[in-house]
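Report on the structure given below.
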Amino acid sequence: MKLGWLKRTLKAPARIRTGKGFGVHSPFAYAFITRVLREDLPFYAYSSQKSRYRKVRKNAVHHPFLTLKRIKLLFRTINYFSPESVLQIGSDNGLVTSALLDVSSSMKISRYGCDGDFLSSQVKDCRTLSGATSEQIPDIVIVVTENNDKEILPVLCKAVENESVIIFPCIDHNPQISMLWDSVNAAANYGMTFTNDRFGILVAKKKLPRQKYTLWL
């Protein structure tokens, strides 16, 4: 734990510089960093997200790593890409699914290993990952927790091949999910990675060169 804190502290100047767009030559990366990841203007859904988060905080079993700041960051990212379909993996106390529903009334959401009940035609809960991806790999895959499930990495590798966007909102949840994040990035030979070692996004688009940006978010 102390080594992780020291590593983040030593990298702080570079993270802050990159986070403001300095030294970023890719037009896509610059726009994504400055207009999405580092955007500080209020969004229409922030007030409802804050209200939901406060209710969850009263529950003793709330997700300790899924902070309101990360929920907002996830919402901005989803809002930016405007996907038609999303696959959510892992328990989230309903916060991630609610943030997805804030984005669009037509987006299809498949969930595996999640909690919370949503009476919405947009949300489909699946017992297996093969069931969640029976038609096609979704445009965006969100991995909240992994629960030592060996099926997840093959699905994520298919998502890379499909040029999906892969989001890990809680890389620091446990060593296993951190290793899963590293494995997904190692499997990608194109696309861009944006991370602060806690929240990570892999934009696996073949038109983008393989670049990794470490930011202070």
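The values are calculated or read from the model by the stated rules, or taken from the named source; none is laboratory data. Because the structure is predicted, anything quoted here is derived from the model rather than measured. Quick reminder, even Gly has a Cβ in these numbers, built from the backbone with ideal geometry, and neighbours come from all protein chains shown. All accessible areas refer to the heavy atoms of the entire protein, side chains included, with ligands and DNA or RNA removed. Shrake-Rupley method; radii C 1.70, N 1.55, O 1.52, S 1.80 Å.
Scanning the stretch 85-133 for residues that are part of a strand (DSSP E or B) and either more than 22 Å from residue 155 (Cβ to Cβ) or hydroxyl-bearing (Ser, Thr, Tyr) (or both) turns up 85, 110, 112.
Which of the residues belonging to the stretch 9-29 are open to solvent by 40 Å² or more (accessible area, probe 1.4 Å) and either touching a Lys or Arg at 6+ places or on another chain (Cβ under 8 Å) or at pLDDT below 85 (or both)? Within the stretch 9-29, 9, 10, 11, 13, 14, 16, 17, 20, 22, 23, 25 meet the criteria. So is residue 111 basic (Lys, Arg) and surrounded by 19 or more Cβ atoms within 10 Å (Cβ to Cβ) or not? Taking the combined requirement at face value, the residue satisfies it. Close contacts from the stretch 30-44, counting a first residue that is closer than 13 Å to residue 203 by Cβ and loosely packed, with under 13 Cβ neighbours inside 10 Å and a second that is among the small types (Gly, Ala, Ser) and modelled with pLDDT under 90, with Cβ to Cβ under 8 Å and a gap of 6+ residues or different chains, come to none at all.
In the stretch 80-98, the qualifying residues are those that are open to solvent by 50 Å² or more (accessible area, probe 1.4 Å) and either farther than 25 Å from residue 41 by Cβ or not aromatic (Phe, Trp, Tyr) (or both), and the one that is nearest to the chain's Cα centre (by Cα) is 82.
Return the residue satisfying two criteria in turn: it lies in the stretch 146-171 and is of a type in the set (D, E, K, R) and surrounded by 16 or more Cβ atoms within 10 Å (Cβ to Cβ), and of such residues it is farthest from residue 131 (Cα to Cα). Selected residue: 163. Residue-level check: of (1) buried (at least 20 other Cβ atoms within 10 Å of the Cβ); (2) farther than 17 Å from residue 78 by Cβ, residue 128 misses just (1). Against the conditions (1) surrounded by 13 or more Cβ atoms within 10 Å (Cβ to Cβ); (2) modelled with pLDDT of 90 or more, residue 62 satisfies every one except (2). Among the residues of the stretch 131-145, those that are open to solvent by 20 Å² or more (accessible area, probe 1.4 Å) and of a type in the set (S, T, N, Q) comprise 133, 134, 136.
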